[in-house]
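Inspection log for the structure reproduced underneath, given as structure tokens.
The values are calculated or read from the model by the stated rules, or taken from the named source; none is laboratory data. It should be emphasised that the depicted structure is a prediction, and the values quoted were computed from it without experimental measurement. Here the Cβ positions follow ideal geometry from the backbone for every residue, glycine too, while neighbour counts run over all protein chains shown. Heavy atoms of the whole protein, side chains included, go into the accessibility calculation; ligands, DNA and RNA do not. Shrake-Rupley method; radii C 1.70, N 1.55, O 1.52, S 1.80 Å.
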Amino acid sequence: MPVVNVPCPFCGCLCDDIELMVHDGRIKSNRNGCAISKTKFLRHADDRLVGPSLRHSSGHELVSLATAVDHAARILSASKRPLVYGLSSTENDAHREAYRIAELVRGVVDNTSSVCHGPSILGTQDAGEPIGSLGEVRLRADLVVYWGSNPQVSHPRHLNRYTRPIGEFASKRTIWVVDVRRTVSAEAADAFYQIQPGHDLEVMSVLRALLRGHKLDCTEVGGLSIGQLQQMAESMRAAEYGVLFYGLGLTQSWGRHHNVDAAIRLVQELNEYAKWSMVPMRGHFNVAGANRTLTWTTGYPFAVDFSRGYPRYQPGEYTAVDLLQRGEVDALLNVAADPLASLPAAAVRHLRRIPVINLDPKRNLTSLIAEVNIPTAMAGIECDGVAVRMDGLPLYLRKVVEPPAGVLPDREVLRMIYDRMVSMR
Amino acid sequence: MSRSLLLQNCRVYDPLHHIDGEIMDIPIRDGKIVDSVPESASRIDLSGLTVMAGGVDIHTHILGSKLNTARAMCPEDHRADPVAATKKTRSGVGFTLPSSFVTGYRYSTMGYTTVTEPAVPPVKALDCWEELHDLTNVDIAMLPMLGNNMITFDFVQQEDLPGLAAYVSWILHSTGGLGVKVVNPGGTYAWAHGKNVRELDTEIPDWRITPRMILTSLCQAVEMLGLPHPLHFHPNNLGKVGNVETTIAQLESLKHIRGHNGRKHIVHLAHISFDALGMVEGGRPEWKDVHSGGLQLAEYANANDHFTVDLGQITFGPATTMTGDGPFQFSLYELTHSKWANMTVDVELPGGAGIVPYTYDPKSPTNAVQWAVSMEYALNIRDIWRCALSTDHPNAGPFTKYPLVLSWLMSKRQRDRWLTEMHPSVGQRSTVAESDREWSLYEVAIATRAAPAVILGLQATKGHLGVGADADIAVYDLRPDDIQRDPDRIVRAFSSAHLTVLGGRVVVKRGEVASTPHGRVWSSSPQVEESLHRRVVGEVRERFSRWYAHSFDNYAVPVRYRAAFETPMATPSVAES
């Protein structure tokens, strides 16, 4: 018997139509999933951390879970400014345990959104955001724009599952890609607008100006002719239901949150003429969840410092990259992320100098340098929980197979570390 | 810890038992109020203090996706009010958008023990259930929104009332809701087209139905199911000058509906300060011509008893407006050009909820009149049992302003003091200044606990201090003679309970949180005949595959998130015909 309608814990699409065949506690096949989803499920047992370990000069030594937990608790208790980081590839209950630890040690919590859609959140804090939902897009959109996003690669089923099938409340649909290069997604779209790198803000602003009927005294902006831009603005105004999906091409290019701010204001203004929404193309399957859990706990979506006993928020100051580059933190509790592989070199240099406690199912670059490694169950495959889709929909993740013997979910390991720290006080 | 407790020498205000300031003892055992306790019970002497049942809030936005979006979008709000962790409590933030832990603590500190989240998009109910694990110290009820839901529309269009009732029942089972909320029926849906629907008989886009049909059908479905709480209603045309006329027309449209088991009240009108805007004679529906419609609605209420209300009292100062009324929020954004978020929710709230931060200024001519709307109502309504206190938190102001609202209602001196600071429009366009009425402590106990408990259908165990009630108790350091001397004493006393007891456990002592137990979550569990249930689930499943972008199997909130807290209330069974 197949296990049906399983949500896929890979990207922010959280496709929940996955059909798995499970035999003898092993996943044999994955129907409906994309290539990445298939790999995630079928090879979940590969490259696993073999057991809790501590690092010595000669390498990692396997230890009991209790010993690893005790060591982790000692590191965190002794630390003056610990950072709790990651969280985007685990479920919500693990987040809640991680925040309890951060509050107890008066540390800093940051999730990986500070290096992906953090600027989107800053844009929202400037201007708000008319957020769309994937269901409504599928049912109603007649104009879909992907801006600075290459979904065919990053979210392989996004087009086929959410934006290509035209629902019963839209009679037609046009899909655009706006990007700095002709990607595979551009090939799949009805129209492609190539802009010069670093010119998103100008292009957005000009579209707004044209919408308002201003005349511009130039012939070209950001690689597009005024004629092309005029045509874009007119199509956007003429749409009945438009949606803007935006990716890291907008949030992490020159201008960052200013680009998102401009995009939000463009979409808000388009609501004067038609219905327009926007959706960030969230990457990790539960990065949106990490923002949500931290927000209901502290009021803030990322970059939260507990050093004064209450939450404070300051992106640029309490964000992981900035803390590490300044050499400010003296211990890292890393949960379900690989900062060594993804953060800039200057941040990584400091990471190598401080004790790292690493909770992850798999071996990765961070596990190589971690002082404590504790393998954990894979959320959405070996343990249940909740994750949040890119449009804010919470979905219940399944446990489809048992984790390897002795391996616990992140939330349980974090609870053990917390309890150990409390008992040491 | 002894499970028996005796509160001695309480001055009790318990309107459900007609007790108005009698001195008595309250025995508590195993979380309930009982006849007597053994000699060995621990005792607390409350001589001279005012004792009421724990406060019950019928309308406060404390959970869920739009609140969280608002929190994430407004760091400047939290910055004004950081809350440090203590040995007993977690840290967080307060102000107009308190974090989850702080929400529970602050309600508890005010002597509240039950709160109702009135706007849950059913598809995101899981969000709420997750969050309430971090919201302690209060019992909770949730109301899923169904007034712009396409599956609702389909049943209404087919005039399939049993089908609609069975669908409502399925939603309540799937989400753990207590009752049904309707927000701008059809109007929020129209917002998916960038439009609104303001009149009762205007057809909504894509469908052959009108707000009147949606409203009356859902109201009938709720009464058919015999849900504990009647339909919870946010009307069409909200926030529009002159809308008291449309609000009354909408209430009129429901008048013919027979209440379940002969109950009189078949609809609860939420946050009247936004629903009862009048217009000056010969004026136009523009803010410059706003007039309080509170008196007009109160007169209507005095002549018609099929509905109840909560105030949604405007409190002045910062607020964050958030409703499931997308087009209204957009018009507010156009007015303020402040931040604006809109959130669409698939099939259930096409067009979606909106969020706009807002500050009410007593010097603003319109805000001053808006303040007067619900105040005028509260000072002119004869039957306080149909009037619950609220600020529609955080729309008209945060719930932490309840004590201030009570001081306005209880003291003419306090009102006069505030009126001198307000724009003179309030004197010209409302009758608040002329009213001498002052609510008594008995009336306060009605509007803040007894009435909302009755309206929610929780009166078997909530809102009173009789034997068998949950031991949810609030003790305030307030004497009847204090009130006239210094209205600010009212504010101080209700802000900081001397003692709050939740389910028999002391949770607040002298205004400080003493313990952080979880409350229960009250849901209804309506029964429909098996064949009807099967038919409707089949139809919903089919519509699901057409309209939703996720699987039917992943819709219901899993038991794992509910088991620890959910307390279902039994309701009668409904058949196909």
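Taking residue B:398, is it in contact with a strand residue (DSSP E or B) (Cβ under 8 Å, 6 or more places away or on another chain) and either at negative phi or among the hydrophobic types (A, V, I, L, M, F, W, C) (or both)? So residue B:398 fits the description; yes. Picking from residues in region A:118-147 that are among the small types (Gly, Ala, Ser) and facing chain B (nearest Cβ under 7 Å), the one that is farthest from residue B:547 (Cα to Cα) is A:127. Every test in (1) over 19 Å from the mean Cα position of the chain (by Cα); (2) buried (at least 24 other Cβ atoms within 10 Å of the Cβ) is passed by residue A:226 save one, and that test is (2). Of everything in region B:328-341 that is without any contact (Cβ under 8 Å) to a residue 60 or more places away in the chain and surrounded by 22 or more Cβ atoms within 10 Å (Cβ to Cβ), the residue that is nearest to the other protein chains (Cβ to nearest Cβ) is B:340.
Per-residue answers, yes or no, for (1) assigned to a strand (DSSP E or B); (2) farther than 15 Å from residue A:146 by Cβ; (3) modelled with pLDDT of 95 or more; (4) of a type in the set (Lys, Arg):
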residue: A:229; (1), (2), (3), (4): no, yes, yes, no
residue: A:234; (1), (2), (3), (4): no, yes, yes, no
residue: A:244; (1), (2), (3), (4): yes, no, yes, no
residue: A:249; (1), (2), (3), (4): no, no, yes, no
residue: A:255; (1), (2), (3), (4): no, yes, no, no
residue: A:263; (1), (2), (3), (4): no, no, yes, no
residue: A:276; (1), (2), (3), (4): yes, no, yes, no
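Restricting the first member to region A:219-232 and to residues that are free of Cβ contacts under 8 Å to residues at least 24 places away in the same chain, and the second to residues that are in a helix (DSSP H, G or I), the beta-carbon pairs closer than 7 Å and six or more apart or on different chains are A:219/A:226; A:220/A:226; A:221/A:202; A:221/A:203; A:221/A:206; A:221/A:229; A:230/A:210. Residues that are closer than 30 Å to residue B:295 by Cα, open to solvent by less than 10 Å² (accessible area, probe 1.4 Å), at pLDDT 95 or above and in contact with a strand residue (DSSP E or B) (Cβ under 9 Å, 6 or more places away or on another chain) occur at least once in region B:168-180.
Quick check on residue B:391: is it open to solvent by less than 10 Å² (accessible area, probe 1.4 Å), within 14 Å of chain A (Cβ to nearest Cβ) and under 19 Å from residue B:67 (Cα atoms)?
no
Within region A:393-414, being of a type in the set (Lys, Arg) and surrounded by fewer than 20 Cβ atoms within 10 Å (Cβ to Cβ) holds for one residue alone: A:399. Just one residue in the set B:131, B:117 is within 14 Å of chain A (Cβ to nearest Cβ) and in a strand (DSSP E or B); that residue is B:117.
Taking region B:441-460 as the range and being touching a residue at least 60 places away in the same chain (Cβ under 8 Å), part of a loop (DSSP other than H, G, I, E, B) and open to solvent by 10 Å² or more (accessible area, probe 1.4 Å) as the test, the residues that pass are B:457, B:459. Selection of region B:185-209 for residues being among the polar types (S, T, N, Q) and buried (at least 20 other Cβ atoms within 10 Å of the Cβ) yields B:188, B:196. Scanning region B:342-386 for residues that are within 18 Å of residue B:316 (Cα to Cα), acidic (Asp, Glu) and open to solvent by 10 Å² or more (accessible area, probe 1.4 Å) yields a single hit, B:361.
The combined condition, being outside any helix (DSSP H, G or I) and either under 26 Å from residue B:526 (Cα atoms) or at pLDDT 95 or above (or both), is fulfilled by residue B:209. May I ask you to say which residue of A:70, A:93, A:110, A:47 is of a type in the set (Asp, Glu) and over 28 Å from the mean Cα position of the chain (by Cα)? Of the residues listed, the single one that is of a type in the set (Asp, Glu) and over 28 Å from the mean Cα position of the chain (by Cα) is A:70. For region B:342-380, the set of residues classified as within 7 Å of chain A (Cβ to nearest Cβ) and not β-branched (Val, Ile, Thr) consists of B:342, B:343, B:346, B:350, listed by residue number.
Considering region A:378-387, the residues that are of a type in the set (A, V, I, L, M, F, W, C) and more than 8 Å from chain B (Cβ to nearest Cβ) include one that is nearest to residue A:37 (Cα to Cα), namely A:381. Residues in region A:279-317 that are open to solvent by 10 Å² or more (accessible area, probe 1.4 Å), in contact (Cβ under 8 Å) with a residue 60 or more places away in the chain, under 29 Å from residue B:135 (Cα atoms) and part of a loop (DSSP other than H, G, I, E, B): A:282, A:307, A:308, A:315. The strands (runs of 3 or more DSSP E) found wholly in region A:1-42 and carrying at least 1 residues that are small (Gly, Ala, Ser) and open to solvent by 40 Å² or more (accessible area, probe 1.4 Å) occupy A:26-31. Residues of region A:93-104 that are among the aliphatic types (A, V, I, L, M), open to solvent by less than 20 Å² (accessible area, probe 1.4 Å) and within 12 Å of chain B (Cβ to nearest Cβ): A:102 alone.
Each residue in region B:553-563 was checked for being assigned to a helix (DSSP H, G or I), more than 8 Å from chain A (Cβ to nearest Cβ) and without any contact (Cβ under 8 Å) to a residue 40 or more places away in the chain, and 1 of them qualify. Would you confirm whether or not region A:165-174 contains a residue that is hydroxyl-bearing (Ser, Thr, Tyr), more than 12 Å from chain B (Cβ to nearest Cβ) and more than 25 Å from residue B:547 (Cα to Cα)? The answer is no, given that none of the residues of region A:165-174 is hydroxyl-bearing (Ser, Thr, Tyr), more than 12 Å from chain B (Cβ to nearest Cβ) and more than 25 Å from residue B:547 (Cα to Cα). Among A:335, A:329, A:356, A:348, which is the only one that is modelled with pLDDT of 95 or more and under 19 Å from the mean Cα position of the chain (by Cα)? After applying the criteria, what remains is A:335. Pairs are defined by a Cβ separation below 8 Å, a sequence spacing of at least 6 or placement on different chains, a first member in region B:81-93 that is more than 7 Å from every other protein chain (Cβ to nearest Cβ), and a second member that is open to solvent by 40 Å² or more (accessible area, probe 1.4 Å) and in a loop (DSSP other than H, G, I, E, B); the pairs so defined are B:81/B:95; B:88/B:516; B:89/B:516.
Every residue in region A:116-126 that is surrounded by 24 or more Cβ atoms within 10 Å (Cβ to Cβ) and in a helix (DSSP H, G or I), please. Passing the criteria: A:118, A:119, A:120, A:121, A:123, A:124.
For region B:403-436, a residue qualifies if it is surrounded by fewer than 15 Cβ atoms within 10 Å (Cβ to Cβ) and among the β-branched types (Val, Ile, Thr), and exactly one does: B:420. Put simply, of A:72, A:66 the only residue that is part of a helix (DSSP H, G or I), among the small types (Gly, Ala, Ser), out of contact with any strand residue (DSSP E or B) (no Cβ under 7 Å at 6 or more places or on another chain) and within 23 Å of residue A:383 (Cα to Cα) is A:66. Of all residues in region A:241-268, exactly one satisfies the criterion of being surrounded by fewer than 22 Cβ atoms within 10 Å (Cβ to Cβ) and of a type in the set (Ser, Thr, Tyr), namely A:253.
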